[in-house]
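To start, the structure under review is shown below, and the notes come after it.
The values are calculated or read from the model by the stated rules, or taken from the named source; none is laboratory data. Quantities reported herein were computed from a predicted structural model and do not represent experimental measurements. Note that each Cβ is placed from the backbone with ideal geometry, even for glycine, and that neighbours are counted across all protein chains shown. To get the accessible areas, we keep the full protein, side chains included, count just its heavy atoms, and leave off ligands, DNA and RNA. Shrake-Rupley method; radii C 1.70, N 1.55, O 1.52, S 1.80 Å.
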Amino acid sequence: MQTISSEAKYTLQFINQTKRNIFLTGKAGTGKTTLLRDILKTTHKNVVVVAPTGIAALNAGGVTIHSLFQLPFAAFLPDYSEPKFTEFSKFESRSTLARHFKMNSLKKSVLRNLELLIIDEVSMLRADLLDAMDFMLQHVRKNKEAFGGVQVLFIGDLLQLPPVIKEDEWQVLRQFYKGKYFFHSHVIQQKPPLYIELSKIFRQTDDTFISILNNLRNNQVTLTDISTLNQYVNAKFDSKINLGFITITTHNYKADSLNTKSLSDLQGQQKSYYPEVIGDFPEKIFPVDSELNLKVGAQIMFIKNDLSVEKRFFNGKMGVIESLSDEEIMVRFDDNSTILVEKYEWQNIKYSLNIDTKEIEEEVLGTFVHYPIKLAWAITVHKSQGMTFDKAALDVSQVFLPGQAYVALSRLRSLNGLILLSPLQMNGISSDSDVMDYSVHKADESLLATSLQTETQTFLAGYLKSAFDWQNLTQEWRNYQFSHDDKSGKNQHFIWAKKHTELLVDLAEASRKFRSQLDQLFSRETIDYEFIEVRIIAAYDYFFPKLDAFVFEVLWKLEEVKRLKKHKAIYEELLVLEEFQIKSVLDLMKAVLLIRNIASGEIISKENLTSDKIKSYKINKLELVRNEFKKLNHSLIDDSVDENRYSKKSKKEKEAKKSTTEITFELWKENNSLKDIAVIRKFSMQTIIGHMVKLIEAGKVSILELLPDDKIKELEKAFEDYQEDTLNPLKEKYGDQFTWDELKMYRANILSGK
């Protein structure tokens, strides 16, 4: 079982206890992906994950940078010039982005409520693109801090895929940037992230191999290292004869050709399998080829980790096709164990804001369901990233990017599984000098410990102070007031806004004095968190009823306006005001939980920075307002028309983060039919039935709920003394008497022990 390293622990603490930007890197096999999952599971912050490409975003469980920030596919100049297009490239600048910037209110809400931005595969992130992201965040959030005050976690290995910039683009960009990597951006130059490198390697245990990989990575490879590696040269090696070896090569055409030829050479019938694509899932981000061609004896590998508790396979695990049928693929491993391959579900998502809790949530746009395997006689260096192989033949004689030899070698667990198809040369395997120069900035453990202490204190002070800072809220009230100022002073919206703006200005002045007290308390040599807790609670008791009353007023005004025709623009203005007003109350409530946790010595996490009161605050307040409004205006209300005049159809509240099978189980318990569940979840019926098979095996669903008694009795008789791992012989014997789904359900019932 993989244990967490000290650097990983520090990273988790920096994310949850500070606002410090972090660059998290590490050699291949140090657990960056595992740590990303841990962060998403435990952070209390509103988080969004992005990546430079669609495939990278899909693998990270996020969205692309361009889609989140609505950025055009063009190079970005970090000034206010009017860029000129070249024959092959487009350019944007601050002035042009601001001028034609189009983002709907829902996307703006996500960015305004964003607290943590995670950028995965940061090696591919261009400097100019990061500056464009910084500009957009400052613009939308109306905050001139770096990234608009959002904490950013950069994750990636800079010695892997580099940024891609066309030559004519670079001829223009080089006037603004010293290099192409994310750390060359202006925003990083001005505010460098803390550089944390994961050092504990989980993939390799051989000290000699680890030393060679480190030297390759650090441009310190020696003649002894090359000599050691070249002992594994076998130019006549044939991977088709030596099963279990995958050839790692530098070019796509080489890998594709070897896979196609090897499959063609096998005897037997070829079977093809296709994905189930539901909803919005563009072909350009398909995680595997849509057509999977296989034969018995084909060498394959898994491209995902096993999500079950058995952990029977991992990303890169090799196997051989044992048997094939229309509905089953059986794979045999080196130890002669076999496994029936289950389909995997990939989700294309977008981020939205829960209007009640102000939490950022994922919304599934579409799903792609396919077998998580691919032919594995060969693979390119780039596509092998993130994978682990026990045995591989390396064709790296034509490395064309810095670090490719390191990436290819680091896929292996040990030297025992290595074959080199040609001798490794000293030239052409060095790592990028810009990357190596940047690596000197990595923090040691003493710096991490010191920084964590000071940054945590700064974060706590800033978090508590910001909860009592209503400058942005006051400005939104002023914006609403000014938009309705007709100089006559008789506009009812203007009068209403002016009254509440003046009240809020007085309240903000009182809060300013309290923030000054907090400054004094946090400036002391020894900070008394218990006393600060007392002061925070007293301030909360004073300010909360007043802010709560403002929420009531805004929600009441929304009830009025949505019942008036031709008031859509005013309604949308009020929605923005409502967003800021409710956030101010929720921030206040979270501040009390935060100081209570700190004063009592508890850790800061997702679980202890929320409560039922916070989650249900807006829902309860809205219900109160609507009930009161209807009592006073019952004769004027036509709910079926008025309440939905401007508002979009509400979505079902998002389920807590659960496994895909558990979500199906929850919907089943709510008495939804299988067809209904498929529609709700944007899955095919076949996928939902696959979930039910797992639930039967786990003993959570009874087969009696899904199949009639007479069918179960027929299946019971058919399965008497049946010992095969695959259901194919049984299907061939009984033909149309049983469907594949019925056979799978009954086998699951047997495995459940019921």
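Things worth noting here:
- Residues Arg596 and Glu705, FRET efficiency given R0 of 45 Å [Cβ-Cβ distance, rounded to 0.05]: 0.50
- Cα-Cα over 25 Å, subset of Lys19/Lys583; Lys108/Lys583; Lys90/Lys442: Lys90/Lys442
- Distant-in-sequence amide contacts of Val152, defined by a placed amide H-H separation under 5 Å and a gap of 5 or more residues or a different chain, comprise Asn21, Ile22, Leu117.
- Whole-Hz Karplus values for the range 111-117 come out as 5, 5, 9, 6, 10, 9, 10 Hz, taken residue by residue from phi with 6.51 cos²θ - 1.76 cosθ + 1.60 and θ = phi - 60°; glycine and proline positions read x.
- The Cα atoms of the range 477-588 give a gyration tensor whose axes a ≥ b ≥ c have a/c of 1.5 or more with a/b greater than b/c, which makes the shape prolate.
- DSSP-defined antiparallel bridges as percent of all bridges, the chain, nearest 5: 50
- When the pairs Lys144/Lys513; Lys613/Lys658; Lys284/Lys606; Lys374/Lys606; Lys166/Lys284 are compared against a 27 Å limit on Cα-Cα distance, Lys284/Lys606; Lys374/Lys606 fall above it.
- C-alpha long axis of helix 207-217 to longest principal axis of the chain, angle in °: 60
- The eigenvalues of the Cα gyration tensor, multiplied by 5 and square-rooted, give the chain an equivalent ellipsoid with semi-axes of 49, 37, 25 Å from largest to smallest.
- Cα shape, the range 98-167, gyration tensor, a/c 1.5 rule: prolate
- Dipole magnitude of the range 198-316 about its Cα centre (Cβ charges: Lys, Arg +1; Asp, Glu -1), debye to nearest 20: 220
- With both labels modelled 7 Å from their Cα along Cα-to-Cβ, the Val296 to Ala538 distance reads 8.2 nm.
- Computed 3J(HN,Hα) for the range 738-743, one whole-Hz value per residue from the Karplus formula 6.51 cos²θ - 1.76 cosθ + 1.60 where θ = phi - 60°, is 10, 7, 4, 4, 5, 5, glycine and proline marked x.
- Computed magnitude of the charge dipole of the chain (debye, nearest 20; Cβ of K, R +1, Cβ of D, E -1): 1720
- Accessible area (Å², per residue) of the chain, counting only protein heavy atoms and a probe of 1.4 Å: 48
- Distance between modelled label sites at Asn472 and Gln520, nm, 7 Å Cα→Cβ extension: 2.8
- Here the range 665-754 is described by how far its Cα atoms reach on the three principal axes: 38, 24, 24 Å, from widest to narrowest.
- Checking every one of the trypsin sites (Lys or Arg not before Pro) in the range 8-110 against DSSP loop status and a limit of 15 other Cβ atoms within 10 Å picks out Lys84, Lys90, Lys102.
- Degrees, to the nearest 10: 252-265 long Cα axis against longest axis of the chain: 50
- Per-residue [θ]222 nm for the chain (sum of -39500 (n - 2.57) over DSSP H runs n ≥ 4, rounded to 500): -14000 deg cm²/dmol
- Residues Leu632 and Val309, FRET efficiency given R0 of 45 Å [Cβ-Cβ distance, rounded to 0.05]: 0.20
- Neighbour-limited loop hits for GluC sites (Glu not before Pro), the range 206-308 (at most 11 other Cβ within 10 Å; DSSP other than H, G, I, E, B): Glu291
- On the beta carbon distance between Asn336 and Ser451, with R0 = 51 Å, the FRET formula returns roughly 0.50.
- Shape call, the range 173-313: gyration tensor on alpha carbons, a/c limit 1.5: oblate
- Of the chymotrypsin sites (Phe, Trp or Tyr not before Pro) in the range 1-97, the ones in a loop by DSSP (not H, G, I, E or B) with at most 11 other beta carbons within 10 Å are Phe73, Tyr80, Phe85, Phe88.
- Residues whose amide H comes within less than 5 Å of that of Arg413, counting only those at least five positions distant or on another chain, are Phe389 (H built at 1.01 Å from N in the peptide plane).
- Multiplying the residue separation of Ser95 and Ser483 by 0.36 nm and subtracting their alpha-carbon distance yields 137.2 nm.
- Surrounding net charge for Lys442, when Lys and Arg each add one and Asp and Glu each subtract one, Cβ distance under 10 Å: -3
- Accessible surface of the range 260-412 [probe 1.4 Å, protein heavy atoms]: carbon and sulfur percent: 46
- Taking label positions 7 Å along the Cα-Cβ direction at both Asp721 and Lys546, the computed distance is 8.6 nm, reported to one decimal.
- Under 5 Å from the amide H of Thr380 lie the amide H atoms of Thr249, each residue being 5 or more positions distant or on a separate chain, with H modelled from the backbone and absent for Pro and chain starts.
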